[in-house]
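S.K.: Please read through the structure below; I'll follow up with questions.
Values quoted throughout were computed directly from the atomic coordinates according to the rules given, and no laboratory measurement underlies them. The model shown is predicted, which means the values in this text are computed figures rather than measured ones. Note: ideal-geometry Cβ built from the backbone for every residue, glycine included; neighbour counts use all protein chains shown.
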Amino acid sequence: IMTGEPVNVNEFRELARQALPKMYYDFYTGGAEDQCTLKENEEAFRRIIIQPRILRNVRCIDLSTTVLGYNISMPVMIAPTSLQKLANPEGEIATARAASACNTIMVLSTSSTYSLEEVAACCDAIRFFQLYVYKRRDISAKLVQRAENNGYKAIVLTVDSPRLGRREADVKNKLVVPLLKNLEGLLPTKFVSDEKGSGLAALASGTLDASFCWEDITWLKSITNLPILIKGVLTREDAIKALEVGVDGMIVSNHGGRQLDYSPATISVLEEVVDAVGGKVPVLVDGGIRRGTDIFKALALGAQAVLVGRAVVYGLAAKGEKGVNRVLEMLKEELELTMALSGCCSVKEISRSHVRTKHDQQL
Ligand code: FNR
């Protein structure tokens, strides 16, 4: 039993569980099939050991960094998560305001419950737009145009979802999908439900374009001037391909364990991708980040920044905008303490030698 204010992300998760109907909590927290990847995303962090340096002057710690040239207060961004109104009526608006207050970047999902225009108008947060590609290619093109017109600074193309992963909790609960505001009038999205299972799965199978492939990145580049990040890279081979087609950055992600079960924990393949990329474009990572130490480990293994999905949603569900704010502040405070105790005054000082993984000789 938890009493008093939550002191970490896991306690926010518990508050979210208490606050939400089971159908929605299960949707946010769950993963695909056996949820092996979901669990591994967190477990793999636990196997990485931090190697601190002593007797550095760590009186002042600078957490700031840049992503695609944008200055942010810490190397933590908000991952795109769909259907935020199910967590709190203010949904993506609350999240954007918290991003703005914390001076970080929010990635808005295509499948949001406020429109990209509404989110743009609500505050001055730096925003990227996450894109799904639909069979109706013109719809995706329109979304990109609208994002560009409304001041979104980059397109985050999600590439791990030619089809939706099988999330069995949503099947059992017969998840009902609320109105996807960005797609209003474009796709039949109103309250999609399916008496045989997940409304989201039904919607996705009717609309997602499973034929989208490497050559089509050229198409995407032809319709926008915005930088393009691809989200869902997990191998060296694909990192090299991504460089070849000319992406502006990549996100090592397995969609929070919601797509292909038994795909690797993201932190376990981050270094492979970072090595393949060789500093040519920024590499970001998401999946399983619940602590400042997790962020520290990701930076040590070469990530420019991390993104957090569920942690933010738990904050939103528990306490709305204030909750998202608190979660971001907690992660910031935890990272700052980790850096101080490890002898790092700035994110640049966090190096590969600050962590030990199973690949390292010492073990
Ligand atoms: C997601 N994720 C996601 N990704 C994406 O590209 N578009 C989307 O609409 C969504 N929606 C979504 C909903 C929910 C409820 C979750 C939990 C996740 C994946 C997300 O961007 C990110 O990759 C993971 O959430 C990262 O893992 P953690 O931080 O949740 O462990």
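S.K.: Give the lysines whose C-alpha is closer than 22 Å to that of LYS135, dropping any in the same chain fewer than 8 places away, or say none.
M.R.: LYS181, LYS190, LYS221, LYS231
S.K.: Now, a different point. Using θ = phi - 60° and the Karplus relation 6.51 cos²θ - 1.76 cosθ + 1.60, list the HN-Hα couplings for region 132-144 in order, rounded to whole Hz, with x at every Gly or Pro.
M.R.: 9, 9, 9, 3, 6, 4, 4, 5, 5, 4, 5, 4, 4
S.K.: Counting other beta carbons within 10 Å of each residue's own, what order do SER222, SER82 fall into, fewest first?
M.R.: Arranged by neighbour count, lowest to highest, SER222, SER82 become SER222, SER82.
S.K.: Using the alpha carbons of region 215-363, what is the convex hull volume per residue in cubic angstrom, as a whole number? Spell out each step's value before the answer.
M.R.: On the way: hull volume 21.9 nm³, N = 149.
With only Cα atoms used, region 215-363 gives 147 Å³ per residue.
S.K.: Turning to a different aspect of this structure: Sort ILE48, ILE223 by Cβ crowding within 10 Å, fewest neighbours at the top. Write down the numbers at each step before the final one.
M.R.: Numbers: ILE48 20, ILE223 15.
Ordered from fewest to most neighbouring Cβ atoms within 10 Å, ILE48, ILE223 come out as ILE223, ILE48.
S.K.: What distance in nm lies between label points placed 7 Å from Cα along the C-beta direction at ARG59 and ASP216?
M.R.: The two pseudo-label positions are separated by 5.7 nm.
S.K.: Moving on. What do you get when you divide the Cα radius of gyration of the chain by 2.2 N^0.38 Å, with N the number of residues? Before the final figure, lay out the partial values.
M.R.: Working: Rg = 19.4 Å, N = 363, 2.2 N^0.38 = 20.7 Å.
Ratio of Cα Rg to 2.2 N^0.38 Å: 0.94.
S.K.: Can you flag which of LYS172/LYS319; LYS142/LYS319; LYS85/LYS358 are past 32 Å Cα-Cα? Show your work: numbers first, answer last.
M.R.: Numbers: LYS172/LYS319 27 Å; LYS142/LYS319 34 Å; LYS85/LYS358 41 Å.
Over 32 Å apart, Cα to Cα: LYS142/LYS319; LYS85/LYS358.
S.K.: How big is the antiparallel share of DSSP beta bridges in the chain, given as a percent to the nearest 5?
M.R.: Values: 8 of 34 bridges.
So the antiparallel bridges in the chain amount to around 25 percent.
S.K.: Sticking with this structure for a sec: If packing is taken as the average count of other Cβ atoms within 10 Å, what order do 323-333, 298-308 fall into, highest mean first? It would help to have the intermediate numbers written out before the result.
M.R.: Values: 323-333: 22.4, 298-308: 25.7.
Going by the mean number of other Cβ atoms within 10 Å, highest first, we get 298-308, 323-333.
S.K.: While we're on this one: How do HIS359, HIS255, HIS354 line up, fewest other C-beta atoms within 10 Å first?
M.R.: Values: HIS359 9, HIS255 25, HIS354 22.
By the 10 Å Cβ count, ascending: HIS359, HIS354, HIS255.
S.K.: Which FRET efficiency value, to the nearest 0.05, do you get for THR235 and ARG137 by plugging their Cβ-Cβ distance into 1/(1 + (r/R0)^6) with R0 = 30 Å? Please report the intermediate quantities before stating the final value.
M.R.: Details: r = 26 Å, r/R0 = 0.88.
FRET efficiency, THR235 to ARG137: 0.70.
S.K.: Another question, if that's okay. How big is the gap, in Å, between the Cα center of region 185-220 and the Cα center of region 240-270?
M.R.: 21
S.K.: Rounded to whole Å and ordered largest first, report the semi-axes of the equivalent ellipsoid of region 44-176 derived from its Cα gyration tensor (root of 5λ). Provide the component values of the computation, followed by the final result.
M.R.: On the way: eigenvalues 190, 92, 49 Å².
Result for region 44-176: semi-axes of 31, 21, 16 Å.
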